Structure formats: C-alpha cells, structure tokens
There are 2 protein chains.
Amino acid sequence: MYNAGNGTIIFDKKPSVLSFSAVVGKKEGAGPYGKYFDQVEEDAHFGQETWEKAESENLRRSIDLTLQKGGFKAEDIDFSISGDLLNQCTSSGYALRSLGIPFLGVYGACSTMAESMLLGSLIINGGGAKRVLCSTSSNFCSAERQFRMPLEYGGQRTPSAQWTVTGSGSVVLGNGGAGPFIDSVSCGKIVDMGIKDAANMGAAMAPAFTDTVKKHFEATGRDFSYYDLVVSGDLGIVGMDIANDLFSRDGIKTLGKYNDCGAMIFDKETQDTHAGGSGCGCSASMLCGYILPEMKKGNLRHVLFAATGALMSPTFTMQGESIPSISHAISLEA
Amino acid sequence: MYNAGNGTIIFDKKPSVLSFSAVVGKKEGAGPYGKYFDQVEEDAHFGQETWEKAESENLRRSIDLTLQKGGFKAEDIDFSISGDLLNQCTSSGYALRSLGIPFLGVYGACSTMAESMLLGSLIINGGGAKRVLCSTSSNFCSAERQFRMPLEYGGQRTPSAQWTVTGSGSVVLGNGGAGPFIDSVSCGKIVDMGIKDAANMGAAMAPAFTDTVKKHFEATGRDFSYYDLVVSGDLGIVGMDIANDLFSRDGIKTLGKYNDCGAMIFDKETQDTHAGGSGCGCSASMLCGYILPEMKKGNLRHVLFAATGALMSPTFTMQGESIPSISHAISLEA
C-alpha cells in the first residue's frame, strides 16, 4: 500500500468485500429502499426487553447473516472491528461478546462503517489478517433517549432534525473473491465550523464530508467523473444542500452523481422524518443493502462511500461546545 | 508481519516508540510514581470550566508534549488514534479537533492505550504510515459523575472499587529510531465470566487479561521467563489477586514478574484508593511515564504491556447485564 498523503492510502492488492448484509427496522423497510435489505424486523424490540438490547440484537443478526452468507464461521475471522452510538459502544460489545473473535472497538459516530472498513482494509493489505469483520448499528429509540428526550415526552422536532435509522450493516473483508474491491481509503480529519445546534447535524458534518472528498480527489487525481456515485453517510436533506453549496463554491462539479444515505433511506413526503435519516446504521444499511448489491449486479462500477460522523456528546453540547465532525471515505470498484 | 493466530501479530520490521509523555493530576503526582511523570498538574480543573474539558485539556497537553519531545509537528503525523471513557469519546475528539491530523477514534475502555498502539503498529508495519500518534486519557471527576454518582453525593466506596486515574499518555510510533520497539501485539477477544458488580471491575477484567497473556505466550512460544515485566492495565489489587490465581490454576509461573498499573500507581496505605487505580489514563500514564523511560534507561529489556478494559455501560449494568471485558497486549523490547 501507498500513503498518498493527507490520510489517503492507495492499495496495491485491493481488499475485497467477501460478504455483507443489512438488517433494518419496520420504518426503514417501509421506505424507498425497503426491498433491498436482507431482513426487515417488524418488532421494534427485536425480541428484547430494552431498546439498547434491541439494537445489539439487530447488530448481532446482521453479523450472523453476513458470516452465514459468506460461508464463514467465527473462527475464520481474524479480527472484528465494530462500534456504535451507544455510550461505551455497548451495542457492539454485547453483540460480539460470545463470538470469540479478537475484537477492536472503534468510535466514529455515524462514520463508523467507513472507519471500520478503512482499518480492516489496512490490516488486510498489510498482511495482518486474512479476513476482518466490520460492523455497526443504530436504533431510533436508544438514540432518542440517550441523545435527546425520552420518547414518552413527545417533543417537537425541528425541520433540520434527522431520524436515527434502526438498522445494522456488516461486511467481511478479505483477499481474493469477486469483489467489490476497495482500491483506496481516505481517513478524514476533524472539522468543526462552529455549529452548536445538535438538531442540525447535517450542517455540522457537511464540511467534514466535502473536506475528505476533496482530499481524496487530490490524492487520487480523480473527480466526480470517475465515480458512478459519491455518497455521504447521513448529512440528510439540509446537510446535502450545504455540501452541494460547498462543492459549488470550490468549483467542483458533481455531475448529478452525489447523493446521501440519509436523504435516500426515508420517503420525505410520507415518512415524517424531517431532514432524513441518520445514525451509524443509516449508511451501513444503505451500503450493505443497496450499494454493494448494485455493484455486484454491475449497475454501479465505482462508488465513493463517505460515511459522516458528529463527534459531540450531549454533555459537551450542554457545556456550550460546538460539534466536531469527521468523514472517512472508502473507494469501491466492482 | 505475520498473523500467528488467535489475534497475535508478529512484526518483521518492528515499529518503534519515537516519543512519549505522561501528564497526570495532583493525586497521581503524590503517589509512588509521581516523580516519573512528565507533568503533574496541581489544578484539578486543568484551567477549564468542567471536568470533561479538564480531561480533554489533560489529553491535549500530553499530545502536545509528545510531539514537542519528538521534534514533530502535527503535519509530520499520518494518523492519530485515540479514545477514552467519556461518552462518545469526547475527550479525544475535542483534544484532537484543532490539530488537523487524520483521526481514527477507538473505544476499548481502559484497554485503549494498548488498542491504539496495536492498530498504530499494524498500520506502520503494513506500510500505511510513517508515524502514528496514539493517546488516551481519564479523569477521576468526569468518570465519577458519568459512571457512578455525583461527587457531591459523597457515596461510600466498596473495598473492591478502584479510583479512576486523572492522567493521560501518548506516544508517536514510527519506523527506525532507538526504540523501545514493538515486536508483536496480541488483540484480545471479549471475555465475560458473569460479573455484574460495576464496583468490582478487577474481577470482571482479570480473566480477559490472563486469556490474552496465555494466547500471546502460545503464539510466540514465550513465558514469564522471557519478560522482565508483564503488566496488566488496571485490574487493581483485587483483580491482580484473581489474575494470580488464574495463572496458578493454569500452571503458569509468574516468577515474580507480574504487576498491575492500577496496583502500582497509588499508595494503598496512605492514598485511600481502595483496590487501586483504574481508567484509560492509569495504564497510559504508567506506560509513558515509567515503563518506557525505564526501557530507555536499560532497566527493563522486555515488557508485555497488557491494558485491560471493561466494555459495559451504566445503562446495560442497570438493565442487569454482566460486564464484558477485554485485554490487548503490546510486546516491547528495548
């Protein structure tokens, strides 16, 4: 591999996505991409007693399904890399507890799917592993009570607020296979433009996304013409507008190829999700449910998957701090 | 590099610890290792308005000092890997916000120092980076109010409870240099023996520590005779006793070479810290303040640094769950 500077690594032997799956909740199943997901669970509790355990069970189901689809047992996997939005990344810790795979916890907020794949592909290309499991999850109810208000309070949501996706995605990365392949990755830096409104994450994260995309283009010599799709993680409708403005200001033509998982996953007319979807599970389920299968089918050839994360906590927000954001990009080729 | 199985990677070109520092609070400075730390801050607030910002400032000071000691600027560093105990790993996110280094957040609870060095050394040996900054922190006051009780409540502590270290440690890893070098790393798996008492973390984590050490010994063909010191992260006095029992039960002779950062950092007779120290900053500050300098001086030649982490959250504990634990080991040679 080759470090092209500014966080971008270009792989000589491209790691492959050997297996993947997405398991989502009922609302996500009723959205425009509902038919693409591997499983849609009608029970908001996923058979568990609490929202947090529901999220962990959702993640575990995607992990089990990804292993099963690839014909892998837990002992075939060298490392598992996972993280989530719950305090202390407990959805991941509890989901992976009984599998016995060497475990590396990550925290990238909603950028976690890309962060875990970035690290996994670095380890594989470096020769440290044959196969790495990367996964993440989010849950509307566990996120609401941890980050916002008790659901029972029934608070009003602002127009810029996003709806945390109940969903999970996981992949097994490795060598060989039929792809899609990861040709390069770009690790983002923390960007904080001073946004303090925790109900407007899209605005906080958009500059991190465009920063990483610009650095990826500089390092690889590419632009939007190379990709069939450049997709941000969960900027939502408000953040996507800002990202379009930022690209435009920098003279970058998106050629109609830019979209956002948060803007895609819900129907904005009928699903009452305001600025769209968010959460680690948003970009993870769109990647594993829609993008990777479309690449397998030959409908998408080159995709830049740039998940986006807001690194604040309710504690720091209450202390008057602004929202540091990040975006990591995975360049996929069919 | 070579994957020897069960999470252990043996390096062909051993990554080097190019620079390091430890910055701790007043109580840690008054402990048996106080004179070893680079900086002891007398102000519990580190000049900030809140405990969380104090922790982040503490981390930032260690990072700045480590860069300065090594003669590095931020732009000399390819990746920064950091995490901590605060919800959403905000000590790290805010500490690294303005540095502009590509950032990878990790969550390994108190195993974070070892996890970040494990990942950093994999990336360096794989050729993905020349230099990686690895860091972590903890703070007594921010941990108490997040994980336990408001300080003002003045609750009684059980004898098995540990005292979260106010401290931070950071290293720059790279190629070349004078060492100490990392010859191998062992990534732990999650171990959960059913302990539910969040005031007895040592008991929860001890089996994860002995599991990782045993797997490291199996993969490398080593035992305690190879090392001058095998040090667990923060099992404390209670957990260290359990680890000794577990080694003994498995017929592993520790040869008087086993110690624990949590048992070492405070004076158990005079500092009223019950079972000893804990927190990400415990093993990080003991590594960067005491162990690495002693290796530089030639007083320690081979050290196995096995930080330990409890992956629970107060939410899951209140929901009746047991405590999943993990330990990652870094094998250092002078």
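The values are calculated or read from the model by the stated rules, or taken from the named source; none is laboratory data. Computed from a predicted structure; not experimentally measured. Because the Cβ atoms are built from the backbone with ideal geometry, glycine has one as well, and the counts that use them run over all protein chains shown. Each accessible area value is taken on the protein alone, full model and side chains, heavy atoms only, with ligands, DNA and RNA left out. Shrake-Rupley method; radii C 1.70, N 1.55, O 1.52, S 1.80 Å.
Please work out the Kirkwood hydrodynamic radius for chain A, using every pair of different C-alpha atoms, and report it in angstroms with one decimal place.
19.2 Å
In nm, what does the list of distances from B:Gly71 to its counterparts in the other copies look like, shortest first, when each label sits 7 Å along Cα to Cβ?
Result for B:Gly71, in nm, nearest copy first: 5.5.
With +1 on each Lys and Arg Cβ and -1 on each Asp and Glu Cβ, how big is the dipole of segment B:22-108 about its Cα centre, in debye rounded to the nearest 20?
Magnitude of the dipole: close to 120 debye.
Add -39500 (n - 2.57) for each DSSP H run of 4 or more in chain B, then divide by its residues: what number comes out at 222 nm, to the nearest 500 deg cm²/dmol?
-10000 deg cm²/dmol
Return the loop-located GluC sites (Glu not before Pro) in segment B:1-91 (DSSP other than H, G, I, E, B) with at most 13 other Cβ atoms within 10 Å of their own Cβ; answer none if there are none.
Listed in order of number, the matching sites are B:Glu42, B:Glu49.
Before anything else, pin down the relative contact order of chain A: Cα pairs under 8 Å, at least 6 apart, normalised by residue count, whole percent.
The value is 25 percent.
Report D for segment B:204-308 in µm² per second (integer): Stokes-Einstein, Kirkwood Rh on Cα pairs, 37 °C, 0.692 mPa s.
236 µm²/s
Kindly report the accessible area of segment A:194-334 per residue (heavy atoms of protein chains, probe 1.4 Å, no ligands, DNA or RNA), in Å².
Value for segment A:194-334: 32 Å² per residue.
What total accessible area, in Å², is buried where chains B and A meet, using a 1.4 Å probe and rounding to the nearest 100?
4700 Å²
Evaluate Rg over Rh across the protein assembly as shown, taking Cα atoms for both radii and Kirkwood's formula for Rh.
0.95
For the protein assembly as shown, give the share of DSSP beta bridges that are antiparallel, in percent and rounded to the nearest 5; count only bridges with both residues there.
Percent antiparallel among DSSP bridges in the protein assembly as shown is about 65.
May I ask for the net charge around A:Lys73, where only other residues with Cβ less than 14 Å from the Cβ of A:Lys73 are counted and Lys, Arg are +1 while Asp, Glu are -1?
That sum, taken over residues with Cβ under 14 Å, equals -1.
Out of segment B:7-53, which trypsin sites (Lys or Arg not before Pro) are coil in DSSP terms and have no more than 13 other C-beta atoms within 10 Å?
Passing sites in segment B:7-53 are B:Lys13.
What is segment A:202-334's relative contact order, in percent, from Cα pairs under 8 angstrom and six or more apart in sequence?
Taking the mean separation of contacting Cα pairs over the length of segment A:202-334, I get 32 percent.
Heavy-atom accessible surface, probe 1.4 Å, ligands and DNA/RNA ignored: which residues of segment B:115-131 lose at least 20 Å² versus the isolated chain?
Buried by the other chains: B:Glu115, B:Leu119, B:Leu122, B:Ile123, B:Gly126, B:Gly127, B:Gly128.
Using a 1.4 angstrom probe with every protein chain in place, what is the largest-first accessible-area order of B:Phe79, A:Phe140?
If we order B:Phe79, A:Phe140 from most to least accessible, we get A:Phe140, B:Phe79.
For segment B:246-306, what relative contact order do you get, as a whole percent, if you take Cα pairs closer than 8 Å and at least 6 residues apart?
Computed over segment B:246-306, the figure is 21 percent.
Would you check the accessible area of A:Met205, probe 1.4 Å, heavy atoms only, in square angstrom rounded to 10?
Result for A:Met205: roughly 0 Å² accessible.
For segment B:239-334, which GluC sites (Glu not before Pro) are both in a DSSP coil and crowded by at most 15 other Cβ atoms within 10 Å?
For GluC sites (Glu not before Pro) across segment B:239-334 that sit outside H, G, I, E and B with at most 15 neighbouring Cβ atoms in 10 Å, the list reads B:Glu269.
Counting Lys and Arg as +1 and Asp and Glu as -1, what is the net charge of the other residues whose Cβ lies under 14 Å from the Cβ of A:Ser322?
0
List the extent of the Cα atoms of segment B:1-87 along each of their three principal axes, largest first, rounded to whole Å.
For segment B:1-87, the Cα spread along each principal axis is 46, 31, 31 Å.
Could you name every residue in segment B:309-325 that has 20 Å² or more less accessible surface in the full protein assembly than in its own chain alone (probe 1.4 Å, ligands and nucleic acids excluded)?
For segment B:309-325, once contacts with the other chains are taken into account, B:Leu311, B:Ser313, B:Thr315, B:Phe316, B:Gln319, B:Glu321, B:Pro324 lose 20 Å² or more.
Suppose every K and R has +1 on its Cβ and every D and E has -1 on its Cβ; what is the size of the dipole of segment B:223-294 about the Cα centre, in Debye to the nearest 20?
140 debye
If you roll a 1.4 Å probe over chain B with all protein chains in place, what percent of the accessible area is carbon or sulfur?
47 percent
Using only atoms on other chains, find how many Cβ atoms lie within 10 Å of each Cβ of peptide B:178-190 and report the average.
Across the residues of B:178-190, the mean count of other-chain Cβ atoms within 10 Å is 3.
What residue of chain A has the nearest C-beta to the axis that moves A onto B, and what is that distance in Å, given as a whole number?
Taking the axis that maps A onto B, the answer comes out as A:Gly126, 1.
What number comes out for the charge environment of A:Asn6, summing +1 per Lys or Arg and -1 per Asp or Glu over other residues with Cβ under 15 Å away?
With Lys, Arg at +1 and Asp, Glu at -1, the net is +2.
By DSSP, what percent of the beta bridges with both residues in segment B:1-113 are antiparallel, rounded to the nearest 5?
35 percent
Put the label 7 Å from Cα along Cα→Cβ for A:Ser225; what are its distances to the other copies, in nanometres, shortest first?
From this label point to the equivalent ones elsewhere in the assembly: 6.8 nm.
Please work out the Cα center distance from segment B:223-272 to segment A:1-76, rounded to the nearest Å.
Here the two parts' Cα centres lie 39 Å apart.
Within a 10 angstrom radius of each residue's Cβ in A:91-98, how many Cβ atoms of other chains show up on average? Whole number is fine.
Per residue, the number of nearby Cβ atoms from other chains is 6 on average.
Place the label 7 angstrom along Cα→C-beta at B:Pro159 and in each other copy, then list the distances from the first to the rest in nm, shortest first.
Listed shortest first, these distances are 6.4 nm.
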